Every structure is written in C-alpha cells, then in structure tokens.
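*Asks:* My questions all concern the structure below.
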Amino acid sequence: MNKLSVVLATKNEETNIGPCLESVKDLADEIVVYDEFSTDRTRDIAKRYGARVFKYKHRTNFHQTKQRAINRASGDWILQLDADERVTAKLAKEIISVINMDLDISHHPEYLKNGVILPYPVPHNSYPTKLFSRHQRLIEQREEINHPVGVRMDSRGVDAEREVAAFFIPRLNYFLGAPLRHAGVYPDGVIRLFKKGHARLPAKSVHELMEVDGEVGWLGSDLEHHDSPTFSRYLDRANRYTDLIAEEFKVKKVPVNLYYMFLYTVHRPLFTFLSLYIRHRGFLDGTRGFIWSAFSALRFPIAYFKYYQSVKK
C-alpha cells in the first residue's frame, strides 16, 4: 500500500480546519500543516488530528507556504488541500484505489474499469467527461500551453514522460450555503493529487496551475469547496484576491490611462458577467448565480482601482 500525505497551508482557519481534517482522518497516513502564524486556534485543532504543524512567515504568495508543506511530506502520493475543502467518502475511496494502482499509460483500460476517467485526452462521448475535457482545454488556453496539461515535451516535440503522475479533481463550490453548478464554476478542476517529487507550485500567481512532470488524469468524484458560506466571508476573500490581482498588475506594469481604465472597468466586467450569467447559465442558480456572476465581474475594476491608487501615490 502506498502512503498518502495530506498537506495544507493555513492562516486563521479555526472554523474550517476541523471539518477538513475530519474528512481525511481515515485516508491520510500523515497530515502536514504549514501555518502562517494564526492568531486563533488553527494550530491547536490541527494537532488534535495528529498533524505535524509548522509555523511559517508569509512571503509574497500563499503558494510558497503550500510548497513548503509539499516539500515536507514523506508519502508516496500527496493530496494538497485548502482548509475550506472537504473530501467526500466517494472521493476518498477513489483516491485509495488510484494511488495503489499501476498507472503506466498501457494500463488505461484497466483503471478505467474502476471508475477513473482516462488521462488526457479524456473521452468526448459522455457527460461529465465532455465537461472535464472542455475545462482542461480552457486551462491550457489560460496558461498558454500548447500540449496536454502536465506532459513535458522534448526537443522533438513529443512526450518526455508517459507516466501518470497527477490528477485533476473536480471541485463543487458551495456559495451562500448551497452548491453552484453553473456560471462557469463547475467542475473547477484543480491538480491536487500527485506523486511525490513530480509536481510543484510556481508561486507566481494566485490562480496558477501546478507544474507536473508526467501525464495528468481526472478523478470522477467531487471535492467539496466551502469557501463562501456567508456573503461577508465572500467579500473578505474577494478583497484579498483583488489585492493579489492589483499586485500582478504592478508586476506586469499595466499602463494607467483611459484605454486600460475602460478595459478593466467596463469591457472586461461586462464581458465576464454576460459570459457567466448567460453563456454559462448562471441564471439557473437563481439569486446566488446572479450575485456570483456580478461580483466575479466586479473584481476587475476593484483590482484596477487598487493598482491605480498605488501607482499614483
């Protein structure tokens, strides 16, 4: 049996850390928590679940703290989680099955029989595999990757390694007490399960893709994400994210002029809202779908005005 390490980076997560670790206590062979000097009971709660807890001072990007936790793990496989995520019983069973299989590319049909979706390219003839495949293509476009996510290319432009080294896990996001299934939110695939030493976080962007040496597949069971149980919690997180986007604007030296002000305060927000609410059918999630779509669009003008204020000081 291969060992599984569950790793987290935390800061003031006493409300979430307990339910998160409760969901993996029978799954993990070890739990590693890197905590950014929480002022609440986060570390004490983690220790009650047997976690190895380390304090780490925040640097420029929270992903640096996550990478520290990944580096500390000793398991054959690593499951990286956020404190507001929950591993369902179905997902836990699938993870156990996957990490103890021979995942050589030649064995695809064998582990497909066990309910695991094929690594890229995923089948296009059924739901939800169509949805997962489309989501992966969007990620590749966003990251400007011209080959399947996770596959390294050699000088001849062919796969450098065919081993399945990591998996996307579809996230089901809970917003204001209920799951969002539209508005472009699902499946919200994230690379979280990977072989030790085969994946890393570049720590350059808040929404960056994990770098993987080898192929990346998809699991079929959802990871629950309870990031915004209340609107005030959502606004707190949105404020932090817009701070990070403003910092990215600064690094990229985005111009401060009328054109870019129009781009980020009118064009980009309007396009985003229409895309999420109409094209991705956010209206099917009712009021919550409208709120999600509207405030997702507003992150652009808020971040731009924060950036504008910082450069005009």
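*Asks:* Any residue that is hydroxyl-bearing (Ser, Thr, Tyr), farther than 30 Å from Glu94 by Cα and touching a Ser or Thr at 6+ places or on another chain (Cβ under 8 Å) - is there at least one of those in region 201-221? Let's see the steps before the verdict.
*Replies:* Keep residues of region 201-221 that are hydroxyl-bearing (Ser, Thr, Tyr), which gives 205, 221.
Next, only the ones that are farther than 30 Å from Glu94 by Cα stay: none.
Taking every residue of region 201-221 in turn, none turns out to be hydroxyl-bearing (Ser, Thr, Tyr), farther than 30 Å from Glu94 by Cα and touching a Ser or Thr at 6+ places or on another chain (Cβ under 8 Å).
*Asks:* Which is in contact with a strand residue (DSSP E or B) (Cβ under 9 Å, 6 or more places away or on another chain), over 19 Å from Asp227 (Cα atoms), surrounded by 19 or more Cβ atoms within 10 Å (Cβ to Cβ) and not polar (S, T, N, Q), of Ala46, Ala73, Ala83? Step through it out loud before you land on a result.
*Replies:* Details: Ala46 fails: over 19 Å from Asp227 (Cα atoms); Ala83 fails: over 19 Å from Asp227 (Cα atoms).
So the residue among Ala46, Ala73, Ala83 that is in contact with a strand residue (DSSP E or B) (Cβ under 9 Å, 6 or more places away or on another chain), over 19 Å from Asp227 (Cα atoms), surrounded by 19 or more Cβ atoms within 10 Å (Cβ to Cβ) and not polar (S, T, N, Q) is Ala73.
*Asks:* For region 62-89, give me each residue that is among the charged types (D, E, K, R) and either closer than 16 Å to Phe168 by Cβ or out of contact with any Ser or Thr (no Cβ under 7 Å at 6 or more places or on another chain) (or both).
*Replies:* Taking region 62-89 as the starting set, the residues that turn out to be among the charged types (D, E, K, R) are 66, 68, 72, 76, 82, 84-86.
Lys66, Arg68, Arg72, Asp76, Asp82, Asp84, Glu85, listed by residue number.
*Asks:* Can you pull out every residue in region 66-85 that is charged (D, E, K, R) and over 15 Å from Lys11 (Cα atoms)? I'd like the intermediate steps shown before the answer.
*Replies:* Step one: filter region 66-85 for residues charged (D, E, K, R), giving 66, 68, 72, 76, 82, 84-85.
Matches in region 66-85: Arg72, Asp76.
*Asks:* Quick check, is Ser5 touching a strand residue (DSSP E or B) at 6+ places or on another chain (Cβ under 6 Å), under 17 Å from His226 (Cβ atoms) and in contact (Cβ under 8 Å) with a residue 24 or more places away in the chain?
*Replies:* Values: touching a strand residue (DSSP E or B) at 6+ places or on another chain (Cβ under 6 Å): yes; under 17 Å from His226 (Cβ atoms): no; in contact (Cβ under 8 Å) with a residue 24 or more places away in the chain: yes.
Answer is no for this residue.
*Asks:* Related question: Is it fair to say Tyr264 is surrounded by 15 or more Cβ atoms within 10 Å (Cβ to Cβ) and not assigned by TED's automatic domain parsing to the domain that holds Pro179?
*Replies:* Values: surrounded by 15 or more Cβ atoms within 10 Å (Cβ to Cβ): yes; not assigned by TED's automatic domain parsing to the domain that holds Pro179: yes.
Against the criterion (surrounded by 15 or more Cβ atoms within 10 Å (Cβ to Cβ) and not assigned by TED's automatic domain parsing to the domain that holds Pro179), Tyr264 qualifies.
*Asks:* Something else now. When only residues in region 193-236 that are in a strand (DSSP E or B) and at pLDDT below 90 count, which is nearest to Leu172 (Cα to Cα)? It would help to see each step written out before you state the result.
*Replies:* Restricting attention to region 193-236, the residues satisfying the condition of being in a strand (DSSP E or B) are 193-195, 199-200, 211-212, 215-218, 223-228.
Then drop every residue that is not at pLDDT below 90, which leaves 211-212, 215-218, 227-228.
Working: Glu211: 23, Val212: 23, Glu215: 23, Val216: 20, Gly217: 18, Trp218: 14, Asp227: 11, Ser228: 12 Å.
Restricting to residues being in a strand (DSSP E or B) and at pLDDT below 90, the top hit is Asp227.
*Asks:* For region 30-43, give me each residue that is farther than 26 Å from Phe168 by Cα and surrounded by fewer than 23 Cβ atoms within 10 Å (Cβ to Cβ).
*Replies:* Taking region 30-43 as the starting set, the residues that turn out to be farther than 26 Å from Phe168 by Cα are 36-43.
If the condition is that a residue be farther than 26 Å from Phe168 by Cα and surrounded by fewer than 23 Cβ atoms within 10 Å (Cβ to Cβ), then Glu36, Phe37, Ser38, Thr39, Asp40, Arg41, Arg43 are the ones that fit.
*Asks:* Right, here's the next one. Inside region 146-184, can you point out the residues that are of a type in the set (A, V, I, L, M, F, W, C), surrounded by fewer than 16 Cβ atoms within 10 Å (Cβ to Cβ) and at pLDDT below 60?
*Replies:* Met153, Val158, Ala160, listed by residue number.
*Asks:* While we're on this one: Restricting to region 7-53, name every residue that is among the hydrophobic types (A, V, I, L, M, F, W, C) and either in contact with a Cys (Cβ under 9 Å, 6 or more places away or on another chain) or not in a strand (DSSP E or B) (or both).
*Replies:* Selection gives Leu8, Ile17, Cys20, Leu21, Val24, Leu27, Ala28, Phe37, Ile45, Ala46, Ala51.
*Asks:* Applying the selection to region 237-255, what residues are surrounded by 15 or more Cβ atoms within 10 Å (Cβ to Cβ) and not in a helix (DSSP H, G or I)?
*Replies:* Val254
The values are calculated or read from the model by the stated rules, or taken from the named source; none is laboratory data. The model shown is predicted, which means the values in this text are computed figures rather than measured ones. All Cβ positions, glycine included, derive from the backbone under ideal geometry; neighbour counts span all protein chains shown.
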